[in-house]
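Some notes on the structure that comes next.
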Amino acid sequence: MTQHVYDDYFFDEPAYNTHDGGYVPLEVADAPESQLAIPPLLKPDKETDTDAWYTLEAQKGETQILPGAKTKTWGYNAPLLGTTLAFEVGKHIHVTLKNSLDELTTFHWHGLSVSGPYVDGGCHAPVYPGESKQIDFTLDQPAATTWLHAHPCPSTAEQVWHGLAAMVLVRDQHEASLPLPRTYGVDDIPLVLQDRRFHENNQWDYHADYDPDGVQGPTAMINGTVNPVFDVTTQKLRLRILDGANRREWRLHFSDDLEFTQIASDSSLLPEPVHFTHLMLTCAERAEIIVDFKNYKEGDTVTLFSDDVPIVKFRIHAFKPDNSVLPDHLIDIHAPKVLPTTPVRKIVMSGMDEQVAIDGKKFNMQRIDATQPIGLAQYWDVTNTNTMHGGMVHPFHVHGTQFLVISRNGGAPYPNEHGYKDTVGVNPGETVRLLVRFDLPGVYMYHCHIIEHEDGGMMAQIQTYDPNKPMPKYRLMDMETLTQAFAKERGVDPDTMWMAGMDSYKKMGMKM
Ligand code: C2O
Ligand code: CU
Ligand code: CU
């Protein structure tokens, strides 16, 4: 049987962010090649058959990214980005969240079904500088590549830009039973795709680069490495790719148009592997792909590009033949039950620049925008009202759940959207239908994952509840408290303090 190989990006070409006036194209990095950094796996402080304890420390540091001066960076247990976490489904996980920064932060588990709003780590769960918090959770969700990032609205974008982003691998027995590469750092490789502009002395300057439609830089940075090379010592590689950029879409393809196979999207394996030569990821989306180097030999180099800029080089070394066969079927997706009465919720993402909004409103931490009972799926029809002319693909993300993509403008979702996801790119003028079920009660945010759009108010929140219990009242953060805290920590006057998202509210004559 010949397999179908997709060679287009699916997304509408006129909607690519390359068409936006403020777009910053990637440039070929003129830095010397360096070995691709592989974030080490974080070892638990303690582990038993049933429980595991970890400590995560948000910290500042310095990183040698370019020759010359080190860049001031932030990370989790590392000067930049983080250590990779690996959680087993069913284990009781205890995490100490320690903030060694000079300002408040939060620890958001993007893609984990954990209870909101506190364990989930959105803006309602600040950890103040010098303080620690304990959280614990047990995961009940399929194996996936998820991530951890800072989420202290409206400074989420800036803190992620400083480096507060780490991979979180969810492992389960089903995934472990499949013939897939899983030796971390050898044939199972995280690739966090980001972009930065290096200013004087190799420093980043978020404020100088600020754009309300998302901050970009011309230099691709992969796992914190510019111009990285990876030494391939196995025939097959599993790449866990995360679009960890604030705003950039990545249009990925290899030299020689090498075919690759996507086996997982954001929140689970795909029911069937999908074969590609080209793949586009929008912000916060993940793809696990298998690359087979069988037609290459020692000494060859295979390059991964985004558009036409090389971003990672794979240097091929001698490897043992690998005849493992990828199964045709990787996972059973059990769609949540739908009834003739299943409600359809309409969600509208509108605007660009400072005008961005959800359902015509900007985010307000104290306002609950919607409610949904746990255990019961609802359709979410998410519309992007931008037009192709000057509009954008808005990556729509929901906290605390993994959804299914049901349709795009009434037609089939893209072929690699048949697994669980938590982020979906919505084209200008398009309505994407999702099937969303929450299993835990709490308050969860949903928003555009162009992080500056999120900070700028293209965000809302939903309270999920157990219909058999009284509606709990959650203590929700407010902007006043957060701004005062940031101002105090930064030693500046709250009225003159600059924070990214605030501009968008001010220019619209609104209070946060
Ligand atoms: Cu990546 Cu509100 O999250
Ligand atoms: Cu999230
Ligand atoms: Cu957006």
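Does the stretch 234-255 include one or more residues that are over 24 Å from the mean Cα position of the chain (by Cα) and surrounded by fewer than 18 Cβ atoms within 10 Å (Cβ to Cβ)?
Within the stretch 234-255, the first condition is being over 24 Å from the mean Cα position of the chain (by Cα), and the residues that meet it are 234-236, 255.
If we keep only those that are surrounded by fewer than 18 Cβ atoms within 10 Å (Cβ to Cβ) too, we end up with 234, 255.
Within the stretch 234-255, one or more residues are over 24 Å from the mean Cα position of the chain (by Cα) and surrounded by fewer than 18 Cβ atoms within 10 Å (Cβ to Cβ).
Which one of these is more than 16 Å from ligand 3 (Cβ to nearest atom) and either closer than 25 Å to T146 by Cα or of a type in the set (D, E) (or both): G411, G509, G419? Give the steps one after another, and end with the answer.
Numbers: G411 fails: either closer than 25 Å to T146 by Cα or of a type in the set (D, E) (or both); G509 fails: either closer than 25 Å to T146 by Cα or of a type in the set (D, E) (or both).
Matching residue, one of G411, G509, G419: G419.
Scan V382, V432 and give me the residue that is free of Cβ contacts under 8 Å to residues at least 60 places away in the same chain, of a type outside the set (D, E, K, R) and within 16 Å of ligand 2 (Cβ to nearest atom).
Criteria check complete, one pass: V382.
Name the residue, out of Q141, Q134, that is within 14 Å of ligand 2 (Cβ to nearest atom) and within 29 Å of Y465 (Cα to Cα). Spell out the reasoning first.
Details: Q134 fails: within 14 Å of ligand 2 (Cβ to nearest atom).
Among Q141, Q134, only Q141 is within 14 Å of ligand 2 (Cβ to nearest atom) and within 29 Å of Y465 (Cα to Cα).
Kindly state which strands (runs of 3 or more DSSP E) lie completely within the stretch 410-512 and contain at least 3 residues that are within 16 Å of ligand 1 (Cβ to nearest atom) and over 24 Å from the mean Cα position of the chain (by Cα).
Hits in the stretch 410-512: none.
Can we say V405 is among the β-branched types (V, I, T) and surrounded by 22 or more Cβ atoms within 10 Å (Cβ to Cβ)?
On the way: among the β-branched types (V, I, T): yes; surrounded by 22 or more Cβ atoms within 10 Å (Cβ to Cβ): no.
The answer is no for V405.
If you take the residues in the stretch 276-292 that are in a loop (DSSP other than H, G, I, E, B) and within 16 Å of ligand 2 (Cβ to nearest atom), which one is surrounded by the fewest Cβ atoms within 10 Å (Cβ to Cβ)? Let's see the steps before the verdict.
Pass one, the stretch 276-292, residues in a loop (DSSP other than H, G, I, E, B): 277-278, 282-285.
Within this subset, residues satisfying the condition of being within 16 Å of ligand 2 (Cβ to nearest atom) are 282-285.
Numbers: T282: 26, C283: 28, A284: 28, E285: 23.
Filtering the stretch 276-292 for residues that are in a loop (DSSP other than H, G, I, E, B) and within 16 Å of ligand 2 (Cβ to nearest atom), the one surrounded by the fewest Cβ atoms within 10 Å (Cβ to Cβ) comes out as E285.
From the list D256, D231, exactly one residue is at pLDDT 95 or above, assigned to a strand (DSSP E or B) and of a type in the set (D, E). Which is it?
Every option except D231 fails the conditions.
Within the stretch 275-296, is there a residue that is in contact with a helix residue (DSSP H, G or I) (Cβ under 9 Å, 6 or more places away or on another chain) and acidic (D, E)?
No, that holds for no residue.
Only one residue in G411, G391, G456 is touching a residue at least 12 places away in the same chain (Cβ under 8 Å) and either within 15 Å of ligand 2 (Cβ to nearest atom) or out of contact with any Phe, Trp or Tyr (no Cβ under 8 Å at 6 or more places or on another chain) (or both), so which one is that?
Of the residues listed, the single one that is touching a residue at least 12 places away in the same chain (Cβ under 8 Å) and either within 15 Å of ligand 2 (Cβ to nearest atom) or out of contact with any Phe, Trp or Tyr (no Cβ under 8 Å at 6 or more places or on another chain) (or both) is G391.
So, F363, is that one within 16 Å of ligand 2 (Cβ to nearest atom) and not in a strand (DSSP E or B) or not?
yes
Provide a single number: the residues in the stretch 369-399 that are within 16 Å of ligand 1 (Cβ to nearest atom) and either surrounded by fewer than 16 Cβ atoms within 10 Å (Cβ to Cβ) or over 19 Å from P413 (Cα atoms) (or both).
Selection size over the stretch 369-399: 3.
Going by the conditions given, is E480 farther than 21 Å from E452 by Cα, out of contact with any strand residue (DSSP E or B) (no Cβ under 7 Å at 6 or more places or on another chain) and of a type outside the set (F, W, Y)? Before you say what the answer is, go through the steps one by one.
Details: farther than 21 Å from E452 by Cα: no; out of contact with any strand residue (DSSP E or B) (no Cβ under 7 Å at 6 or more places or on another chain): yes; of a type outside the set (F, W, Y): yes.
Here the answer is no, as E480 does not meet what is asked.
Take the stretch 138-157 and flag every residue that is over 12 Å from the mean Cα position of the chain (by Cα) and of a type in the set (S, T, N, Q).
Within the stretch 138-157, T138, Q141, S155, T156 meet the criteria.
With the requirement that a residue be over 21 Å from the mean Cα position of the chain (by Cα) and within 21 Å of I38 (Cα to Cα), what does the stretch 158-181 give you?
L180, P181
Can you tell me how many residues within the stretch 100-118 are surrounded by fewer than 23 Cβ atoms within 10 Å (Cβ to Cβ), out of contact with any Asp or Glu (no Cβ under 8 Å at 6 or more places or on another chain) and not hydroxyl-bearing (S, T, Y)?
So the count comes out to 1.
Could you check L239 against (1) farther than 28 Å from G391 by Cα; (2) in contact with an Asp or Glu (Cβ under 8 Å, 6 or more places away or on another chain); (3) in contact (Cβ under 8 Å) with a residue 60 or more places away in the chain and say which number it fails?
The number of the failed condition is (3).
Here's the yes/no breakdown for (1) surrounded by fewer than 18 Cβ atoms within 10 Å (Cβ to Cβ); (2) in a strand (DSSP E or B); (3) modelled with pLDDT under 95; (4) assigned by TED's automatic domain parsing to the domain that holds V192:
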| residue | (1), (2), (3), (4) |
| --- | --- |
| P39 | no, no, no, no |
| Y54 | no, yes, no, no |
| K60 | yes, yes, no, no |
| G68 | yes, no, no, no |
| W74 | no, yes, no, no |
| P79 | no, no, no, no |
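Could you tell me whether G116 is modelled with pLDDT under 95 and either within 16 Å of ligand 1 (Cβ to nearest atom) or out of contact with any Pro (no Cβ under 6 Å at 6 or more places or on another chain) (or both)?
When the stated conditions are applied, G116 passes them.
The values are calculated or read from the model by the stated rules, or taken from the named source; none is laboratory data. Nothing here was measured: the structure is a model prediction, and the numbers come from that model. Heads up, the Cβs are rebuilt from the backbone with ideal geometry, glycines too, and the neighbour counts pull from every protein chain shown.
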